[in-house]
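For reference, the structure is listed below as structure tokens.
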Amino acid sequence: MAKNGFKMIDAELHVMEPVDLWDRYIDAEFKSRAPRRMSEKKWDIRTMVEGEVMASMTDYNFPAMNPAEENALADRYADEIAANFDPASQLSAMDKEGLDLAVLYPTSAMFITAKNGMDPRFAEAACRAYNEWLFDYIQEADPTRLFGAAAISPHDVETAVVEARRSVEKLGFKALFLRPNMFNGRAWHDSYYDPLWATAQDLNVPIGFHETTGSRMPATGADRFPDDLGIAHIATHSIEQMMACMDIVMGGVMERFPALQFAFLEGQCGWLPFWLDRMDEHYEWRYPLGDMQHLKLKPSEYFNRQGYVAVEVDEKFVSHVVEAVGDDRIVTTSDYPHGDAKFPNAMDTFMDLPLSDSSKNKILWENPKRLYGI
């Protein structure tokens, strides 16, 4: 398409699921408990999951957004709302942005595993239903332009392995989606998850971590500002990605699974040089004391081998990130169709970032192409 002279892959384009997705797709055993959207308004993503209203803070009755935001979204997404965010509208939105290809991540389905202590069988069934719907959605749209990231439940690693393998081998998905939060008090580097990491490595698909504010998971910011989504959102996305990155790198997951790739998405990239430097400093300090013997490389070396981070389309600080750590491990996204997206001018905004054409080409095409094996 080359709208701005570049081929472009959206590394994390979102879908807006229909309100009746789980009613139609979840196993009959769980139909009475099926996750459901709380409103017919197409932009209201509040979702009921096992008695919890997700995409909201502690006051479940507060509006999903203020009137100013509702009006802005109704205007920006008028065509897509009129089409009920159907498969054709997904392609039309990509054309507006000039996107050639995209890997699809969820919206409401980000909440279907987002509570500690969930019934593992229900959480797995909810993920499986979403993945089935996403497969059908992609087939109706264009499977040569759209690729799926499968929702995987961390509540039971055995069924997670089964669904990961099914999603890749049967449905043809290109990634596994997980929330970055710590589930059920268990770190991501705990050996409990090793079967999932081993499966993803064997399938040659990356793990895409993506946070959402307003879940029932422990999340930095939400714990201190439980009644203010606007404030909590500043912290949750970036800091939860930082914590997951530290967990995966310092806990030795990348050491144990050297071919497995991890993408830390929609949390900006400005933190990366500082965080890698801090992890390296602690590695050098603690290694002689015996704390880091499980790591054979410096933390930054693991990330540069197996990690990716997403730059926001208006994140001008990216020039300093590229100067500090290079441009080989950065991707980007339009974040369509969310409220904080810059749609329909997201990729035009990206073009104004202080980056060389070579870096733009890597971030828009070469890096996501390599990450997802497209």
Odd one out for Gly339 among (1) at pLDDT 95 or above; (2) closer than 23 Å to Met16 by Cβ; (3) not aromatic (Phe, Trp, Tyr): (1)
Are there any pairs with C-beta distances below 7 angstrom linking a residue in the stretch 144-167 that is farther than 16 Å from Glu12 by Cα to a residue that is of a type in the set (Lys, Arg) and modelled with pLDDT of 95 or more, with the two at least 6 apart or on different chains, and if so which? Glu163/Arg128
Matching residues, the stretch 158-171, being surrounded by fewer than 19 Cβ atoms within 10 Å (Cβ to Cβ) and in contact with a Phe, Trp or Tyr (Cβ under 8 Å, 6 or more places away or on another chain): Leu171
Could you figure out which of (1) of a type outside the set (Asp, Glu); (2) under 17 Å from the mean Cα position of the chain (by Cα); (3) within 27 Å of Asp194 (Cα to Cα) isn't true of Asn204? (2)
Enumeration of residues in the stretch 191-219 that are part of a helix (DSSP H, G or I) and aromatic (Phe, Trp, Tyr): Tyr192, Tyr193, Trp197
Listed by range, strands (runs of 3 or more DSSP E) wholly within the stretch 259-358 having at least 2 residues that are in contact with a Gly (Cβ under 8 Å, 6 or more places away or on another chain), in contact (Cβ under 8 Å) with a residue 24 or more places away in the chain and not hydroxyl-bearing (Ser, Thr, Tyr) are 262-265, 307-311
Can you name the number of the only condition in (1) at pLDDT below 95; (2) within 16 Å of the chain's Cα centre (by Cα); (3) surrounded by fewer than 20 Cβ atoms within 10 Å (Cβ to Cβ) that His237 fails? (3)
Does Gly270 qualify as being modelled with pLDDT of 95 or more, small (Gly, Ala, Ser) and over 20 Å from the mean Cα position of the chain (by Cα)? no
When the residues of the stretch 48-99 are narrowed to those that are among the β-branched types (Val, Ile, Thr) and modelled with pLDDT under 90, which ends up surrounded by the fewest Cβ atoms within 10 Å (Cβ to Cβ)? Thr58
Condition first: outside any loop (DSSP other than H, G, I, E, B) and surrounded by fewer than 24 Cβ atoms within 10 Å (Cβ to Cβ). Can you find one or more residues in the stretch 149-157 that meet it? yes
Would you confirm whether any residue within the stretch 336-345 is charged (D, E, K, R) and surrounded by fewer than 21 Cβ atoms within 10 Å (Cβ to Cβ)? yes
Checklist (1) polar (S, T, N, Q); (2) over 21 Å from Asn84 (Cα atoms); (3) modelled with pLDDT under 95 applied to Thr159, failing item: (3)
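The values are calculated or read from the model by the stated rules, or taken from the named source; none is laboratory data. Worth saying up front: this structure is predicted, and the values here are computed from it rather than measured. In this analysis, Cβ positions are derived from the backbone assuming ideal geometry, glycine residues included, and neighbour counts consider all displayed protein chains.
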